[in-house]
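What follows is a set of notes on a single structure, which appears directly below.
Every number in this text was worked out from the coordinates using simple rules, so none of it is lab data. What you see is a predicted model, and the numbers here were worked out from it, not measured in a lab. We place every Cβ from the backbone using ideal geometry, glycine too, and count neighbours over all the protein chains shown.
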Amino acid sequence: MAESGRVDIVEVGPRDGLQSEPGVLPTAVKVEFIERAIAAGARRVEVTSFVNPKRVPQMADAEAVLAALPRRPDVWYVGLVLNRRGFERAAAAGCNEIGMAVVASDTFNRRNQGVSTDESIAAWLDIAPAAQQAGIRPQVTISAAFGCPFEGEVPMARVVEIARRVAEIAPFEIALADTIGVGVPAQVTELVGRVREAVPGIPLRCHFHNTRNTGLANAFAAVLAGVRTLDASLGGIGGCPFAPAATGNIPTEDLVYLLERSGYDTGISLERAIETGRWLQEQLGRPVPGMLVKAGDFPRPADPTNRPPQVSA
Ligand code: MG
């Protein structure tokens with residue numbers, strides 16, 4: 001049976017995962033985490049964020065992490081930035097991709113980044129061309145696109161409008177993020193379809209959290225809707241320090257299992273991803289949320305005639 005194609009995974013554990021940890025991991029452990037992700041096959045890794053260290057002390061060593069990472073032509077190191085100052089730090093530290101976040105709800109944008117959504121959009125329209133000029137790939141995430149912890153339902157029309165506005169400076173990709181894990185698959189199908197229609201030609205990425213156990217179902221709905229890049233974190237660690245009760249990202253290894261057995265190629269070694277999830281539990285001193293770390297793999301049979309049904313692209 002033919003392969004259904006490729007789905008790329010952006011490893012966000014080192015940033016979105018570790019930023020919610022109560023403790024701060026040593027820089028050397030973070031670097032080892034990133035190296036293990038790359039060894040498992042990750043080629044885009046969100047390695048840190050360039051934000052106020054007083055607000056997010058877990059990411060205070062952003063420059064030191066970048067300085068210690070091996071440079072490889074095939075690996076993109078993504079730094080999250082929220083404003084011009086963050087961008088300048090990320091550029092100086094040697095990120096080759098920056099991810100900017102614009103929150104779909106104004107209240108959450110103010111809590112997360114201290115300014116209105118409009119101001120964040122303006123910041124993106126200022127930063128994106130500067131990044132392009134510096135040879136840095138700019139992409140933007142619309143956060144809380146599926147619901148806001150403070151304002152509740154986020155109208156799809158608002159997300160679509162933000163997508164249109166950020167697309168003025170052609171980003172190489174726009175991400176839709178369910179920052180607090182409230183979305184369901186039908187919503188994913190609908191929102192992906194509407195945003196794609198609004199910004200044709202710009203690749204979409206999706207970012208899901210498993211707060212209400214819908215993360216993986218949402219990820220698969222996104223893939224069936226044509227999304228070919230997903231965020232995930234090894235071990236399923238993570239959350240958001242500025243959103244009440246937010247829990248982990250979808251676990252990379254669980255996502256790889258789901259996709260590979262469905263016929264998609266991810267380029268990630270499941271064995272190494274599981275190994276890294278287990279290593280992460282030792283570093284954090286507690287179990288991680290991912291299920292494959294506990295259950296282990298159930299490999300695809302070598303005989304293609306004996307494989308589970310493969311989704312066609
Ligand atoms: Mg997140």
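Data overview
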quantity: Sites matching trypsin sites (Lys or Arg not before Pro) across segment 154-220 that sit in DSSP coil, with at most 13 neighbouring C-beta atoms within 10 Å; calculated: none
quantity: For the chain: relative contact order, % (alpha-carbon pairs under 8 angstrom, 6 or more apart); calculated: 20
quantity: Rg/Rh for the chain, where both radii come from Cα atoms and Rh is the Kirkwood radius; calculated: 0.94
quantity: Three-way shape call for segment 1-149 based on the alpha-carbon gyration tensor, with the a/c threshold at 1.5; calculated: rounded
quantity: Rounded, prolate or oblate (a/c below 1.5 giving rounded, otherwise prolate when a/b exceeds b/c) for segment 209-313 by Cα gyration tensor; calculated: oblate
quantity: Cβ crowding within 10 Å averaged over residues, with 17-26, 278-287 ranked highest first; calculated: 17-26, 278-287
